[in-house]
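I have placed the structure first, in the form of structure tokens, so that the comments after it can refer back to it.
The values are calculated or read from the model by the stated rules, or taken from the named source; none is laboratory data. In this text, all values refer to a predicted model and were calculated from it rather than measured experimentally. FYI the Cβ positions are ideal-geometry reconstructions off the backbone, even for glycines, and counts take in every protein chain you see. Just the protein is used for accessible areas: all its heavy atoms, side chains included, with ligands, DNA and RNA removed. Shrake-Rupley method; radii C 1.70, N 1.55, O 1.52, S 1.80 Å.
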Amino acid sequence: MAALAGGRRRGPGPALALRGALMAASGGGRLLAAPYGEPGDDGLFVFDCVNAEKPALGNQGQDGKQTDKGSDDILAFAFSPSGDYFALTDDNKRLILFRTKPSWECVSIRCVTRRCTSLVITAAEDKILVADKSGDVYSYSITEPQADGKLELGHLSLLLDVALSPDDRYILTADRDEKIRISLSKAPYYIVSFCLGHREFVSKIFVIPDYPDLLLSASGDSTLRLWEYKSGEEVYCCHLSSICGTEAAKTDQKYTVSRITYCCQGGYVAILCDCIPTVYVFQLDAVAKQLVYKQQISLKHKGWDIAFEETGGLWILQEDSEAPLQLYRPCDGQWKAVTDDKGLQKMTKYLKDNWTVFEGFVGAESYYSNLYKASFEDMDTYLQKKEERLQQKKKKRQDLQHGSNGQTKKMKTEEPSL
């Protein structure tokens, strides 16, 4: 099931996140969360957006305008840096804030203006920044969990990702029109720089936490790029088609990165490409400012999401009802599959018990396919159609002018003499 009623496409699909001892996974409108490292079959928190309270605005956005009712699919979520808070947005234009300690509880449900594509919580854990499909970023208070959002900045194009520098000083935004913009958090109208170089939409951006001046970006142009983002300088570019082995023989194959995860212990970067059942692992060389390709992990099923543990374990969420989770741990410089991990067995059981909310995304089409720029292989056909459109517009204008002149003449003819 790749589309919703009315023909609208589904969201980006199931997702996974780790913070400290906590793991969260979503499928459709259901959130599952638990302390994955603790033994025992308890501690599972389940939240269904379909049962969530509808804010007082009903089917109105924060701007007061009537909106179409969406599904309850979760579109984006994130932990706060400490793991004390968790926020998600759904297709029904709700922003839901949770407190995770000492136990999970819903703190607030607020309306957002547009459907959201990405969100991030500040290092100070006082705000949630939400990027939406109209190109705007709103901030929502955590300390005042019922307060309305505040418009911080806007693009002229759909936003696909939003990030913050580790010190909360900069807001970084990525859009469909190939741009990465760096703005001051305290004065978002002040643009510090642009990172320009991608030739297609920018799908993901990630500020390296232990090298906070470096930004990693990915795009529909099948590249990974490293930037000194405050100056907008590109310092490294990796063409993914050059490292993807036999797959590179498919000249039309696109390597659009759908997920980026990073492990500070060793500086490892893992990426997942849209609709490709492979995880690619790199190591950051911060001195040389480049990525060193290390390994690819082939999957039997398409991956939905990936996440590193703080200790280097790599978790993979995939579209397999029997083994929805896989865990790889580093061993002699390579990541190898682990099967006897208690946490893996525990979380796998939780996901299998709730598989009905994931199965609707199995075999779904690419989330990014409609974001690519239109191309015309037959230029003669394109020019011919363009000329036909111009002629139709010209004829329409002439018809309107003739009609107007005829009516004027008739009015003059019928005008009675004085």
Subject >> Most mobile listed residue (Q295, Q326, Q334) in the chain, GNM with C-alpha springs under 10 Å >> reply: Q334
Original post:
So how much slack lies between L44 and S82, counting 0.36 nm per residue of separation and subtracting their Cα-Cα distance, in nm?
Top reply: 11.7 nm
**OP:** Using only Cα atoms, find the angle between the long axis of helix 342-353 and the longest principal axis of the chain, and express it within 0 to 90 degrees, rounded to the nearest 10.
**Re:** 40
Subject >> Computed [θ] at 222 nm, helices only, for the chain once each DSSP H run of length n ≥ 4 contributes -39500 (n - 2.57) >> reply: -4000 deg cm²/dmol
Original post:
F282: accessible area at probe 1.4 Å, nearest 10 Å²?
Top reply: 0
Original post:
Here are some pairs, K373/K395; K186/K373; K101/K349; K127/K346; K133/K294; which of them have Cα atoms lying more than 25 Å apart in this structure?
Top reply: K373/K395; K186/K373; K127/K346; K133/K294
Original post:
Once the piece of chain linking Q392 and S298 is laid out straight, how much longer is it, given 0.36 nm per residue of separation minus the C-alpha distance between them?
Top reply: 28.5 nm
Original post:
region 103-132 to region 271-297: how many Å between their Cα centroids?
Top reply: 29
Original post:
Taking the Cα-to-Cβ direction at K336 and at Y211 and moving 7 Å from each Cα, how far apart do the two end points lie in nm?
Top reply: 2.9
**OP:** Would you look at the GNM of the chain, springs on alpha carbons closer than 10 Å, and say which of E388, E234, E178 moves the most?
**Re:** E388
Subject >> For the chain: relative contact order, % (alpha-carbon pairs under 8 angstrom, 6 or more apart) >> reply: 10
**OP:** Round to a whole angstrom and tell me the spacing of the C-alpha centers of region 327-342 and region 213-244.
**Re:** 28
**OP:** Pop out the carbon and sulfur fraction of the accessible area of region 15-380 as a percent, whole number, probe 1.4 Å.
**Re:** 48
**OP:** Calculate how steeply helix 379-414 sits against the longest principal axis of the alpha-carbon atoms of the chain, using the helix alpha-carbon long axis, and give the answer as 0 to 90 degrees to the nearest 10.
**Re:** 40
**OP:** Report the local net charge at V192: Lys and Arg +1, Asp and Glu -1, summed over other residues whose C-beta lies under 10 Å from its C-beta.
**Re:** +3
Subject >> Dipole in debye (nearest 20) - the chain, about Cα centre, beta carbon charges: Lys, Arg +1; Asp, Glu -1 >> reply: 1620
Original post:
Using r as the Cβ-Cβ distance of Q384 and D252, and R0 as 35 Å, what FRET efficiency do you calculate, to the nearest 0.05?
Top reply: 0.90
Original post:
What is the Å³ per residue value for the convex hull set by the Cα atoms of the chain?
Top reply: 202
**OP:** With springs connecting C-alpha atoms under 10 Å apart, model the chain as a Gaussian network and identify which of K289, K373, K393 has the largest mean-square fluctuation.
**Re:** K393
Original post:
For region 165-173, in order, what is each residue's ³J(HN,Hα) by Karplus, 6.51 cos²θ - 1.76 cosθ + 1.60 with θ = phi - 60°, in whole Hz (x at glycine and Pro)?
Top reply: 5, x, 9, 6, 7, 10, 9, 10, 10
